[in-house]
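Readers should treat all values here as calculations from the given coordinates under stated rules, not as data from a laboratory. Computed from a predicted model, the values in this text were never measured in an experiment. Here Cβ is always computed from backbone atoms with ideal geometry, including for glycine, and neighbour counts include all displayed protein chains.
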Amino acid sequence: MELVKDVTERGRSCYAAAMAHGVPAPTARKWLGRYLAQGIAGLADRSSRLCNIASMVSRLNCPSDRWGGMKSRWDAIVIGSGVGGLAAAALLARVAGKRVLVLGQHSEPGGLTHVFRCNGASWDVGIHYVGELQEGYPIRTSLDCLSAGQLHWNKTPDELERFIYRSINFAVPSDPGKYEERLVSRFPEQETAIRLYFRDIRATTRWTRLGFAQSFIPRPLVNFVWLVQHLTSAKVAQTTAGNDLTRNFRSPLLRAPLASQWGGYGLPPSQSAFAIHAQIVARKLDGARFPEGTRPNRQRSGEENRASWRRSSHMPGRDFYSVRS
């Protein structure tokens, strides 16, 4: 309703109102048209998606055997075959021993891990390399568990990222010590600010992760972790990346490479929290890794949990991917 008022009462264009409310412009025009034609009644929710999903799930969990020989009684049904859906299904199947069905509309599972080829070149749709995948790191341990150890990683070249501007061409080494020293050698007059910047990156990363941890640990420990986070409070985490860089670095040539990673989190430095900026920078300080070869085979000899990918004749246009015991 506020979007419609922006257009009809406040004089905004439909496009500007759509951007302000975070919806696509065609959707905003559709809502506006319904309002002009039918009034407030035209803005009623017409989505049948939830009803369709409920009907679909009830049909899938029926006792009859109509799925090409597969049992159609599932302990859990996950809708969406992206990274999150597959991770949830793999954990339920491998760790909890559940029989899980994953439903996805795309012809391939994986979501943002898809790769397509055009004119002989390979293109990554979303994620193309991941940081903090050294042996023993939490993310690496989790991915090894989800893939049953079949997912292998290649290390990216040492100078993974290069920031090129009209007056500066800066390659980032895959070593935090070398990265810091290279900046100091290039901008010796701002050595103190550079040292403080990396200190703030590490402190803010610890502070942010303590906040994340409170969502996963047992309740009796939450207050203790909150106290530790409060005592190690990183004030810089609560400002924007743009404010921090402008305040601490006089040279725009130095600010440019330090701010260049904002593309990894989607908002320009003037609008993005330093806490998010620090997370992205910290994940790449020791370089990154990318998967070796193609999607790993999910079936392993001697393992009860196995995966199958089939076309469902009972759900036209939909594929389902099952991880079951």
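Karplus-derived 3J(HN,Hα) values for the stretch 114-130, using 6.51 cos²θ - 1.76 cosθ + 1.60 with θ = phi - 60°, are 5, 10, 10, 10, 8, 6, x, 10, 9, 10, 8, 5, x, 5, 10, 7, 10 Hz; glycine and proline are entered as x. Distance between the C-alpha centers of the stretch 86-125 and the stretch 165-236? Whole Å please. Distance between centres, Cα-based: 32 Å.
Does the stretch 233-287 classify as rounded, prolate or oblate by the C-alpha gyration tensor (a ≥ b ≥ c root eigenvalues; a/c under 1.5 gives rounded; else a/b over b/c gives prolate, otherwise oblate)?
rounded
Cβ crowding within 10 Å, taken as a proxy for footprinting-reagent exposure, orders ILE40, ILE127 from fewest neighbours to most as ILE40, ILE127.
Straight Cα distances below 20 angstrom link LYS5 to the lysines LYS30, with same-chain residues fewer than 8 positions distant left out. Between the amide H of TRP153 and those of GLU292, distances stay under 5 Å, these residues lying 5 or more places away or on another chain, with hydrogens modeled in the peptide plane. Charge tally for ALA282 (other residues, Cβ to Cβ under 10 Å; Lys, Arg +1; Asp, Glu -1): +3.
What's the local net charge at THR239, with K and R +1, D and E -1, over the other residues with C-beta under 13 Å away? Charge balance near THR239 sits at 0.
In summary, the aspartates and glutamates within cross-link reach of LYS98, defined as a Cα separation below 15 angstrom excluding same-chain residues under 8 places away, comprise ASP75, GLU303, GLU304. Amide hydrogen proximity for LEU103: with H placed 1.01 Å from N in the peptide plane, the residues at 5 or more positions away or on another chain lying under 5 Å are VAL78, ILE79, GLY80, TYR321. For LYS284, a cut-off of 17 angstrom between C-alpha atoms picks up these lysines, skipping any fewer than 8 places away in its own chain: LYS155, LYS178.
Net length available on complete extension from VAL225 to HIS114 is 36.2 nm, with 0.36 nm assigned per residue and the Cα-Cα distance removed.
Karplus-based coupling profile of the stretch 276-290, in residue order and whole Hz: 6, 4, 5, 4, 5, 5, 4, 5, 10, 4, 9, x, 8, 9, 9, with θ = phi - 60° in 6.51 cos²θ - 1.76 cosθ + 1.60 and x standing for Gly or Pro. Within a 10 angstrom radius of the beta carbon, how do CYS145, CYS14, CYS118 rank from fewest other beta carbons to most? Exposure proxy ranking, most exposed first: CYS118, CYS145, CYS14.
Here the Karplus curve 6.51 cos²θ - 1.76 cosθ + 1.60, taken at θ = phi - 60°, turns the phi angles of the stretch 210-221 into couplings of 5, x, 4, 4, 5, 7, 10, 8, x, 3, x, 8 Hz, with x standing for Gly and Pro.
For GLU161, the residues 5 or more places off, or on other chains, whose built amide H falls under 5 Å of its own are VAL172. For LEU267 and THR8, the difference between the fully extended length at 0.36 nm per residue and the C-alpha to C-alpha distance is 90.3 nm.
Note on SER215/TRP123: beta-carbon distance plugged into 1/(1 + (r/R0)^6) with R0 of 30 Å gives a FRET efficiency of 0.30.
Counting beta carbons within 10 Å around each of TRP31, TRP153, TRP123, TRP226 and listing the fewest first gives the order TRP123, TRP226, TRP153, TRP31. Under the combined filter of DSSP loop state and at most 15 neighbouring Cβ atoms within 10 Å, the stretch 187-284 retains these trypsin sites (Lys or Arg not before Pro): ARG250.
I need the shape label for the stretch 120-199. Rule: rounded when a/c is under 1.5, else prolate if a/b > b/c, else oblate, with a, b, c from the alpha carbon gyration tensor. Oblate, because a/c is 1.5 or more while a/b does not exceed b/c. Neighbours of GLY264, meaning other residues whose beta-carbon lies under 13 angstrom from its beta-carbon, give a summed charge of +1 when Lys and Arg score +1 and Asp and Glu score -1. Using only the Cα atoms of the stretch 2-43, each taken as one equal point scatterer with no solvent, compute I(q) by the Debye sum, divide by I(0), and report log10 of the ratio at q = 0.23, 0.28 Å⁻¹. Taking Cα atoms of the stretch 2-43 as identical point scatterers yields -0.66, -0.94.
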